[in-house]
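Okay, structure first, notes after.
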Amino acid sequence: MIKSLNTEDTLENAGLTDEEQQLFSNARPQAYEPYPIKAVEDFANWARANSLWILAFGTGCGAIELRPLMTARFDASRFGVAGRPTPRQSSVFVIGGYASVKTLKRIIRSYEQMQGPKFIICLGICPVNGGMYFDSYNTVNQFDQYLPVDLYITGCMPRPEVLVAGIMELQKKIKAGECNGANRYVENFDWYKANQKKVIKNWDMPDYNW
Amino acid sequence: MIIEDFDFWLGKAGYFSLTLLIVTFYGLLVGAFIDRTIAKVQGRIGIPYRQPFINILKNFFKRTAISHGVMFYLGPVFRIAGGIGTLAFIPVLYGSEMFSNFSMAGDLFLVIYFMFFGQLGMALGAGESGHPYAAIGIARGLSQMTAYEVPFVLAVISIVIQYDTLSITQIVAAQQGGWQNWTVVTNWVATLAAMLAFLGMMGYSPFDIFLAPQEIPIGPPTEFHSAYLGLMQLNRALFGATKLVLFMNLFFGGATSWPELMIKTLLIYMVAIVVGVAFPRFRVDQGIRFFFKIPTLIGIMSIVYVQMMLVA
Ligand code: SF4
């Protein structure tokens, strides 16, 4: 169910050259409403919660905490978690700690290529308020200024147990239908884009990476 | 006359839909079982049995999907058409009117053709996605497929000479009356060649280079998502189970009841798993060289063997 949005309204893609403009879509992303029948939506949410595919994209120190999830000690596959090497198929993006401006660009690109509904978990204290990199010249301090976050797991560094607990918490939230990050992103798209462009100076990609 | 015929085909189609449903369900379940087995080897607990079903549901419930063009849509459709087509011409249970599908005189050829068809459709679809990793995956997948088809087809030719028929039903019929009549006993050389090809066909280690999750993300399906991926996962279960049924029919005496089918196919599957958990991955050139050496030689030997057997 697509929420009515002005589809005439296209993106500028000002960061691209004339030649590149032809190659990329300039359509705006759209928000999606839940299924009209509640039982169907609940069932869909149950399926989404029990099949969380995490994008294998490591940022910051936390990337190292993601790896043990799939090993014999923690075995997150018990909860339906699996790693996916491509953003197209994944539904969870784990921001593993600080995001430097350079990485933020890639994070945005990958996030926009994920298919909704999609969820972001922020690991560690750095994405919350900057943590020990609060005065660094090249990391962003408040991650939710740039992309919608569904769940924070704080600590420096949270251990894999906590990550597993966080994933179970995310599952509860998804089942309750509270994780609508993708819609929030679309509804406040211009605000998020303005924030992103404020820190990313060399914006040479389309405004929305389809 | 025409009406009667129509009823007959309608009934056949109904039975076939039922077979399709059972085989897909069984394929998904056996997939979970295999995943759990591999997990146990690695000291993990593994996924719950319902996981493959949830994954497919999840993919169909995705809210967005994007397209890369017409062929991109058709890729998964061709693939599942290949899976359904393969199953349609394989008699699933021997002696059962209900589960013998559209089996007919030359079905063995048709089945081999359909097994190719799905892969080629997938190659076109993944090619259209424009992802470089997809292209690499396809190149590897197709070259490996060409390599393992050689021993497989040689083995099939061998048993076609042995039973003097191209009908799978007749091949199964010839193997009835106890295990000593199974192809695996009467023509063990061909079975050996086919089982080596089977390792390549199932795509487990050491022959999983075309998916290679750690190197080229996941090969051909890199760009596929949402419902496209859901279709492909369904097909993976269906096609996997179909191949097992085909091998059971050709080499292990077929089955006359569902429990027999399940036990036999599971044991055949286990061959690929035991090899898979024990061996690391081959590079694509190593894999191709492997198939062109010993399995192909065994395949040729199987034809000589069967000729000698017929003369004797
Ligand atoms: S929270 Fe600590 S461990 Fe995590 S990225 Fe920041 S400094 Fe590194």
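The values are calculated or read from the model by the stated rules, or taken from the named source; none is laboratory data. All values derive from a computational prediction rather than experimental measurement. For neighbour counting, all protein chains shown are included, and Cβ atoms are generated from backbone atoms with ideal geometry for every residue, glycine included. When the accessible area is computed, the model is the full protein with side chains, heavy atoms only, and any ligands, DNA or RNA have been set aside. Shrake-Rupley method; radii C 1.70, N 1.55, O 1.52, S 1.80 Å.
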Subject >> Which listed residue, of B:TYR113, B:TYR133, B:TYR94, is without any contact (Cβ under 8 Å) to a residue 12 or more places away in the chain and open to solvent by 40 Å² or more (accessible area, probe 1.4 Å) >> reply: B:TYR113
Original post:
Going by the conditions given, is A:ALA63 farther than 18 Å from B:ASN55 by Cβ and surrounded by fewer than 21 Cβ atoms within 10 Å (Cβ to Cβ)?
Top reply: yes
**OP:** Within segment B:259-271, count every residue that is within 20 Å of B:LEU18 (Cβ to Cβ) and either buried (at least 22 other Cβ atoms within 10 Å of the Cβ) or among the β-branched types (Val, Ile, Thr) (or both).
**Re:** 2
**OP:** Output the residues belonging to segment A:49-66 that are under 18 Å from A:THR86 (Cα atoms), within 12 Å of another protein chain (Cβ to nearest Cβ) and not in a loop (DSSP other than H, G, I, E, B).
**Re:** A:TRP53, A:LEU55
Subject >> Hits in segment A:93-151 - residues which are basic (Lys, Arg) and under 13 Å from the mean Cα position of the chain (by Cα) >> reply: A:LYS105, A:ARG106, A:ARG109, A:LYS118
Original post:
Considering only segment A:8-48, how many residues are within 14 Å of another protein chain (Cβ to nearest Cβ) and more than 26 Å from A:PHE189 (Cβ to Cβ)?
Top reply: 7
Original post:
If we keep just the residues of segment B:167-207 that are touching a helix residue (DSSP H, G or I) at 6+ places or on another chain (Cβ under 6 Å), of a type outside the set (S, T, N, Q) and not in a helix (DSSP H, G or I), which is surrounded by the fewest Cβ atoms within 10 Å (Cβ to Cβ)?
Top reply: B:TYR204
Subject >> Residue satisfying condition, being open to solvent by 10 Å² or more (accessible area, probe 1.4 Å) and under 17 Å from A:ASP150 (Cβ atoms), within set A:PHE79, A:PHE93, A:PHE24 >> reply: A:PHE79
**OP:** Name the single residue, out of those in segment B:57-97 being of a type in the set (A, V, I, L, M) and over 22 Å from the mean Cα position of the chain (by Cα), that is nearest to the other protein chains (Cβ to nearest Cβ).
**Re:** B:LEU57
Subject >> Top-ranked residue of segment B:28-49 - restricted to ones that are within 14 Å of B:GLN233 (Cβ to Cβ) and of a type outside the set (A, V, I, L, M, F, W, C), ranked as farthest from the other protein chains (Cβ to nearest Cβ) >> reply: B:GLY31
Original post:
What about A:PHE57, is it within 16 Å of the chain's Cα centre (by Cα), modelled with pLDDT of 90 or more, within 27 Å of B:LEU229 (Cβ to Cβ) and within 16 Å of the ligand (Cβ to nearest atom)?
Top reply: no
Original post:
Do we find that B:PHE224 is buried (at least 23 other Cβ atoms within 10 Å of the Cβ) and among the aromatic types (Phe, Trp, Tyr) in this structure?
Top reply: yes
Original post:
Quick one: how many residues across segment B:52-84 are open to solvent by 10 Å² or more (accessible area, probe 1.4 Å) and in a helix (DSSP H, G or I)?
Top reply: 16
Original post:
In the list B:GLY95, B:GLY85, B:GLY27, which residue meets the criterion of being of a type outside the set (Phe, Trp, Tyr) and at positive phi?
Top reply: B:GLY95
**OP:** Looking at (1) open to solvent by 50 Å² or more (accessible area, probe 1.4 Å); (2) in contact (Cβ under 8 Å) with a residue 24 or more places away in the chain, find the lone condition where B:MET308 falls short.
**Re:** (2)
Original post:
Here are some residues: B:THR242, B:THR256. Which one is within 26 Å of B:PHE89 (Cβ to Cβ) and open to solvent by 50 Å² or more (accessible area, probe 1.4 Å)?
Top reply: B:THR256
Original post:
When you scan segment A:103-156, how many residues do you find that are aliphatic (A, V, I, L, M) and closer than 23 Å to A:THR86 by Cα?
Top reply: 10
**OP:** Kindly indicate which of B:ALA13, B:ALA39 is within 17 Å of B:PHE99 (Cβ to Cβ) and without any contact (Cβ under 8 Å) to a residue 24 or more places away in the chain.
**Re:** B:ALA13
